[in-house]
1. Which of rounded, prolate or oblate describes the chain when judged by the alpha-carbon gyration tensor and an a/c cut-off of 1.5?
2. What are the residues whose amide H is under 5 Å from the amide H of I121, where those residues sit 5 or more places off or on another chain and H is modelled from the backbone?
3. If you add up the charges near S20, with Lys and Arg at +1 and Asp and Glu at -1, over every other residue whose beta carbon is less than 15 angstrom from its beta carbon, what do you get?
4. Can you list the aspartates and glutamates whose alpha carbon sits under 16 Å from that of K86, skipping same-chain ones fewer than 8 residues off?
5. Say R0 is 41 Å: what FRET efficiency, to the nearest 0.05, do S141 and N35 get from their beta-carbon distance?
6. At 0.36 nm per residue, and after removing the present C-alpha to C-alpha distance, how many nm does the segment from E79 to S167 gain when stretched out fully?
7. Roughly how compact is the range 124-189, stated as its Cα Rg over 2.2 N^0.38 Å to two decimals?
8. At 222 nm, what helix-only mean residue ellipticity would the chain give, in deg cm²/dmol to the nearest 500, using -39500 (n - 2.57) for each DSSP H run of four or more?
Amino acid sequence: EWFSNMLDQLALVCDFIEPSEVENINSSLVWMKRNRTQIVLTFDDGFKCQKKLVDECLNPRNLKALFFVPTEFIGLTGEDAFEFTKFNFYPDSEPRKLPNGGYDAMTWNDLHSLVSDGHIIGGHTATHPILSKISEPKLLSEIIDSADLLENKLNTEVCHFAYPFGSLDTVNVAAFEIAKQRFKWGYSN
């Protein structure tokens, strides 16, 4: 309910841009000519609850979003999902336990459904590591191989990438260069 209300309030003063529209922008001048603030909806990490938001909030409003999903999280449930989340998404803190599968991940079927509904799936590595702390061979696997897996399993182009954590201290030049070779679009904080 809160998310639906937020979308409705934002729609009064902003325009939602479909991820495919971002892909077709040739110049920042296009953005500046618009009279209203532009919003691209993005979701990180591939939690199952995001699929519920799509079904209950985005699809009824015909809003499309980008979903950045670490491939090794896909399909995890229960304690496995919690442990992956704790270790990979919140490595420096202790997330609280959530009831009823609160940390469950989307499945491959959920991701296929998102693609069928017109949403876009982006790369977000395999395990959501701090990229500045891993070797170049591991960077290739995390960034390139995981995106190739998404592309092959979902039969869709994966040309967007969100850097895990996305801050300057978690991304290095090697990670940036590898991502730049594979993706058309990169996202960070």
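The values are calculated or read from the model by the stated rules, or taken from the named source; none is laboratory data. Just so we're clear, the structure is a prediction, and the values are computed from it rather than from any experiment. Here the Cβ positions follow ideal geometry from the backbone for every residue, glycine too, while neighbour counts run over all protein chains shown. Just the protein is used for accessible areas: all its heavy atoms, side chains included, with ligands, DNA and RNA removed. Shrake-Rupley method; radii C 1.70, N 1.55, O 1.52, S 1.80 Å.
1. Numbers: a/c = 1.62, a/b = 1.15, b/c = 1.40.
Because a/c hits 1.5 or more and a/b fails to exceed b/c, the chain counts as oblate.
2. Sorted by chain and number, the residues that satisfy this are F67.
3. -4
4. Leaving aside aspartates and glutamates fewer than 8 places away in the same chain, those within reach of K86 are D44, D45, E72, E94, D104.
5. 0.35
6. Going from the current span to full extension adds 28.9 nm.
7. Relative to the 2.2 N^0.38 Å estimate, the range 124-189 comes out at 1.01.
8. On the way: 9 runs with 68 residues, N = 189.
Counting only the DSSP helices, I get -9500 deg cm²/dmol.
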